[in-house]
Amino acid sequence: MPRFDVTVAGELNLDLILYGLPDELPPERELIAERMMLTLGSSSAILAHNLAALGRRVGFISRIGDDHLGQIALDRLGAGGVDVSKVRRTTGVPKTGLTVILQRERWRNMVTYAGTIFELNFEDLDLGYLADSRHFHLSSFYLQRGLQNRVAELFQKLKAAGLSISLDTNDDPDDRWQGGLTDVLRHVDVFLPNEREARKIAGTEDLQTALARLAKLVPVVVVKLGAEGAMAQRGSERFTSPAVKVNAVDAVGAGDSFDAGFLSQYVCGADLPACLTMGNLAGALSTTRSGGTEAFRDHQYREQFFRENLARRGK
Ligand SMILES: Nc1ncnc2c1ncn2[C@@H]1O[C@H](COP(=O)(O)OP(=O)(O)OP(=O)(O)O)[C@@H](O)[C@H]1O
Ligand SMILES: [Mg+2]
């Protein structure tokens, strides 16, 4: 039996979230935020953390800087039960990445200092470690600048070792959606974009057309639809799964939490509707507390949320 259920290579950093700011930010003024949260950020780390919280064995490779913020992120991920023995710390510049999120009532600004995020490269990866798993996941394709041109090769090697592969590109800061993505998708078993990403990548404004096009490239496409839940296509079969009704604090990391919920079932061989249900539950749970992992690391709160919402679905 392999050592891990899921291995992940990607970014590890904190999110600094500020709440209660005015919509307009006039220059040269002292603006007051009502509330703040410094919490584990980055798509890859949130996904890894929450998969471990859901009981899966997770191994993680990353690069952080020699600084306090990197240490806090590393400690948080390790405390969540993820194996962090392969996270490399580099000295000097650049420092560990950081994302600052200005959370408004219905939208947010996100600013990322990439730091070591752009530095992770193919040579940092211990392929034996990554391959000692049932599944490999890659997030934030367009932030993995040091790795991007070898992602197809990485996927090919891990597939040859018998792993299944999932990908969540997240946003492309350049909004170009290139970087050899078509080659990369050839090796992907589960592709997990949100609605905007699916339309951009498929090159169409129409979601249905996007889903149909992407389903020709990968065996399973899952499109996250925020408060509308999720849709999936496998071959010519379509699936929809409604969101769980919650009072959302913010949607930071909701997509990564969805991925974690979905994959927690996928790696156990669950059928697609069950994977989608768990994805929506995990995504919804994440929105009920600040950031992407706060709701998951409160064991009692998390278990009660799943118990109550699964019971509600059963009725
Ligand atoms: N307001 C909400 N109520 C209930 N569930 C939600 C809400 N917002 C998000 N979710 C859940 O989280 C999932 C992912 O949300 P979303 O579509 O925002 O992903 P994303 O854009 O990839 O997010 P991220 O910014 O984390 O990358 C949704 O499919 C849904 O299951
Ligand atoms: Mg996303």
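Could you tell me which GluC sites (Glu not before Pro) in region 188-288 are loop residues by DSSP with no more than 11 other beta carbons within 10 angstrom of their beta carbon?
The qualifying sites are E205.
Relative contact order for the chain: what is it in percent, counting Cα pairs under 8 Å that are at least 6 residues apart?
Value for the chain: 16 percent.
Compute the signed sum of charges (Lys and Arg +1, Asp and Glu -1) over the other residues within less than 14 Å, Cβ to Cβ, of T99.
-3
Multiplying the sequence separation of R313 and D206 by 0.36 nm and subtracting their Cα-Cα distance, what value in nm do you get?
Computed gain between R313 and D206 is 35.5 nm.
Going by average Cβ neighbours within 10 Å, how do the peptides 257-269, 78-90 rank, with the highest at the top?
Details: 257-269: 25.2, 78-90: 17.6.
For the peptides 257-269, 78-90, the packing ranking is 257-269, 78-90.
Suppose R0 equals 41 Å; then what is the FRET efficiency for I72 and A274 from their Cβ-Cβ distance, rounded to the nearest 0.05?
The computed FRET efficiency comes out at 0.70.
Please give me the summed charge of the neighbours of G279: other residues whose Cβ is under 12 Å from its Cβ, Lys and Arg +1, Asp and Glu -1.
-2
Residues of the chain: accessible area per residue at 1.4 Å, in Å²?
45 Å²
Put a dot 7 Å past each Cα toward the Cβ at R145 and Q300; how far apart are the dots in nm?
Placing both labels 7 Å beyond Cα along the Cβ direction yields 4.5 nm.
So what does log10 I(q)/I(0) come out to for the chain at q = 0.13, 0.14 Å⁻¹, using the Debye formula with one equal point on every Cα and no solvent?
Computed log10 I(q)/I(0) values: -0.91, -1.07.
If you take every DSSP beta bridge whose two residues both sit in the chain, what share of them, in percent to the nearest 5, is antiparallel?
45 percent
Given a 1.4 Å probe and every protein chain left where it sits, what share in percent of the accessible area of the chain is carbon and sulfur?
49 percent
With the crude spin-label approximation of a point 7 Å out along Cα→Cβ, what separation in nm comes out for N121 versus D174?
About 1.8 nm, to one decimal.
Quickly rank 5-14, 94-103, 180-189 as a protection proxy: mean count of other C-beta atoms within 10 Å, highest first.
Going from most to least packed, we get 5-14, 94-103, 180-189.
How many percent of Cα pairs in region 128-213 exceed 20 Å?
For region 128-213, the fraction of Cα-Cα distances above 20 Å is 33 percent.
Helix-derived [θ] at 222 nm for the chain: sum -39500 (n - 2.57) over DSSP H runs of at least 4, divide by residue count, nearest 500?
-10000 deg cm²/dmol, from helical runs alone.
Normalising by the residue count of region 185-298, find the relative contact order in percent from Cα pairs under 8 Å and 6+ residues apart.
Result for region 185-298 is 21 percent.
When Lys and Arg each count +1 and Asp and Glu each count -1, what net charge do the other residues less than 15 Å away from R176, Cβ to Cβ, add up to? Can you show the working numbers first?
Values: positive: R145, R196, R199, K200; negative: D171, D172, D174, D175, E197.
Charge balance near R176 sits at -1.
Pop a pseudo-label 7 angstrom from the Cα along the beta-carbon direction at both T240 and Q156 and give the gap in nm to one decimal.
Distance between the two pseudo-spin positions: 4.0 nm.
The values are calculated or read from the model by the stated rules, or taken from the named source; none is laboratory data. As the structure is a computational prediction, the values presented were derived from the model and not from experiment. Cβ atoms come from the backbone with ideal geometry, glycine included; neighbour counts cover every protein chain shown. For accessibility, only protein heavy atoms count, side chains too; no ligands or nucleic acids. Shrake-Rupley method; radii C 1.70, N 1.55, O 1.52, S 1.80 Å.
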